[in-house]
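Take a look at the structure below.
The values are calculated or read from the model by the stated rules, or taken from the named source; none is laboratory data. If you're wondering where the values come from, they're calculated on a predicted model, not measured in any experiment. Here the Cβ positions follow ideal geometry from the backbone for every residue, glycine too, while neighbour counts run over all protein chains shown. To get the accessible areas, we keep the full protein, side chains included, count just its heavy atoms, and leave off ligands, DNA and RNA. Shrake-Rupley method; radii C 1.70, N 1.55, O 1.52, S 1.80 Å.
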Amino acid sequence: MERKLLVSVRTAASRVVLGSTFRADFSASLIVFLVAVPLSAGIAVASGVPVELGLVTGIVGGLLTGLLPGSSVQVSGPAAGLTALVYEAVRAYGVGALGVLVLVTGLFQVAMGLLRLGRWFRAISVAVVQGMLAGTGVVLIAGQLYELADSDAPSGGLEKLGGLVLLLTGTLESSTAMTAVGVGVGTVALLALWPRWHRPARVMPAPLVAVAVATAAVTALDLPVDRVRVNGLLDAVRPPDGDDFVRLGQFGVLGTILAFALIASAETLFSAATVDRLHDGPRTDYDKELIAQGAGNTVCGVLGALPMTAVVVRSAANARAGARTRTARVLHGLWLLVFAALLPWALEAIPVAALAGVLVHTGWKLLPGREMGLLWQDHRGEVAVLLVTTTAIVTTNLFAGVLVGLLLAVVKAAWETSHVRVETVRVGDGRVRARVIGNATFLRLPKLLEELGSLPRPGHSVELDLSGLRHMDHACREALTAWAERHTVLLEEDGGGADGRMIVV
């Protein structure tokens, strides 16, 4: 009897826990859904594709990626970090080719996850990642300033920045453009101020409130600003055909796919590291999360939708809303599906300037102001990597900028680890011992040869001791041998590698 009573108590307790968990996940899913709608629509418009494709990516990110293992509370969808790259790809190859690009990107991510390469993304320099986000933020803000004034943005980061003066003068001369700017600026202001009202902000997310207020004002006052165009969910979905797959033979297309895969994966896994700090649940399995993202992008590619990543804004909203399991992100995808199927006309009332305001605010949050200050205090070399990466992204493109940042980070690391010095000691009988200490690489070779050139000669024999070297590359070995041959005769060499000792006269 006691055993049955104990079992009944445990069963009742588990039901209470399950019920409490579901309620928390249910409420969190609604909040994430309300955040996802304006962000998905805005990113689609900024990417140059139909607004419905942003919703499709969010739906797949919830219903498919949300079900797969990897992270428990991280939410996926179209991300601002890929907006500039997607825009350039659509401009170069057309909307039809987007499905192929995203499909192959997804397969590539699945392969990386199966090969257990997810953990290696954690080895990427933080300065490069922050530079990537900063460059993306600058390009995103520059592009959305044109949308803020209902103007067409030029292609390329430099062109966008260079045209801002003409945009300003043209806006000041147009009352219609000034009206659109007023709507966008009001949206940004509300986004910045809403979180300060803590109690309402817990119930209604700032992006939804800002877009809703802007939409209501534009509708009530019948303002002459551009609105979002909606063609229908089924009309927007366009699976790739045979002609689109032929593009895979183009070098530029393959480079774009590689950029999609690397940047989307890096953004996802760094988002996971951030979100893991916001909850007490299971930590993210990076390889499984990479496979989940790849599966989601594969399906998005089949549907011709935008590429997905894990989105910090949605994930943080999910975690802070109290989500405990994957149920929250799956339900958020379900709410997006219902909205896209039954209420797409609601998007037509949204002013484009309001969505541009949301993305300007998002781009601003990508700029690492506080992080740069911390780096400047202790790691000023990292600040240089961050700024160079940002500049390269703005002046070229996202992929080339990240490659430049990675190359600079590798060179910086090699330079910092290749310290080498020469210590000289007189050991009697006119002999001088020169002990080389540190890591002898080609980066420090000029300094090493300069110090060796200052050794006392002639009339003294020199004992060159290499046992203090932790590493010596081929360039330094050849240079030391050549130096000995030029200045004297090699009498003795004990051992090999960095443990040898040469006595020269």
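Considering each residue of the stretch 272-287 in turn, at least one proves to be in a loop (DSSP other than H, G, I, E, B), touching a residue at least 40 places away in the same chain (Cβ under 8 Å) and open to solvent by 70 Å² or more (accessible area, probe 1.4 Å).
Kindly indicate the residue of the stretch 195-207 that is within 26 Å of the chain's Cα centre (by Cα) and assigned to a helix (DSSP H, G or I) and also nearest to residue 354 (Cα to Cα) among those meeting that condition.
207
Within the stretch 390-405, the residues that satisfy the criterion of being at pLDDT below 80 and open to solvent by 30 Å² or more (accessible area, probe 1.4 Å) are 397, 399. Please tell me if residue 290 is assigned to a helix (DSSP H, G or I) and farther than 25 Å from residue 311 by Cα. Answer is no for this residue. Screening residue 228 with (1) over 29 Å from residue 316 (Cβ atoms); (2) in contact with an Asp or Glu (Cβ under 8 Å, 6 or more places away or on another chain) gives one miss only, at (1).
Comparison of 56, 60, 73 shows that the only residue that is more than 18 Å from residue 39 (Cα to Cα), open to solvent by less than 20 Å² (accessible area, probe 1.4 Å) and aliphatic (A, V, I, L, M) is 73. Looking only at residues of the stretch 406-456 that are crowded, with 17+ Cβ neighbours inside 10 Å and polar (S, T, N, Q), we find that the one that is nearest to residue 382 (Cα to Cα) is 418. Look through the stretch 343-365, keep the residues that are open to solvent by 40 Å² or more (accessible area, probe 1.4 Å) and within 16 Å of the chain's Cα centre (by Cα), and return whichever of them is modelled with the highest pLDDT. Filtering first and then ranking leaves 364.
Here's the yes/no breakdown for (1) acidic (Asp, Glu); (2) farther than 26 Å from residue 318 by Cα; (3) assigned to a helix (DSSP H, G or I); (4) touching a residue at least 60 places away in the same chain (Cβ under 8 Å):
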residue	(1), (2), (3), (4)
159	yes, yes, yes, no
166	no, yes, yes, no
181	no, yes, yes, yes
184	no, yes, yes, yes
189	no, no, yes, no
210	no, no, yes, yes
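For first residues located in the stretch 41-63 and within 17 Å of residue 140 (Cβ to Cβ), partners that are aromatic (Phe, Trp, Tyr) and lie 6+ apart or on another chain with Cβ distances below 9 Å form the pairs 46/87; 47/87; 48/87; 49/87. Based on what the data block shows, is residue 269 open to solvent by 10 Å² or more (accessible area, probe 1.4 Å) and part of a helix (DSSP H, G or I)? No: the conditions fail for residue 269.
Being assigned to a helix (DSSP H, G or I), buried (at least 24 other Cβ atoms within 10 Å of the Cβ), modelled with pLDDT under 90 and of a type in the set (A, V, I, L, M, F, W, C) holds for only one residue in 46, 24, and it is 46.
Go through the stretch 80-115 and give me each residue that's of a type in the set (Val, Ile, Thr) and open to solvent by 30 Å² or more (accessible area, probe 1.4 Å). Passing the criteria: 95, 104, 110.
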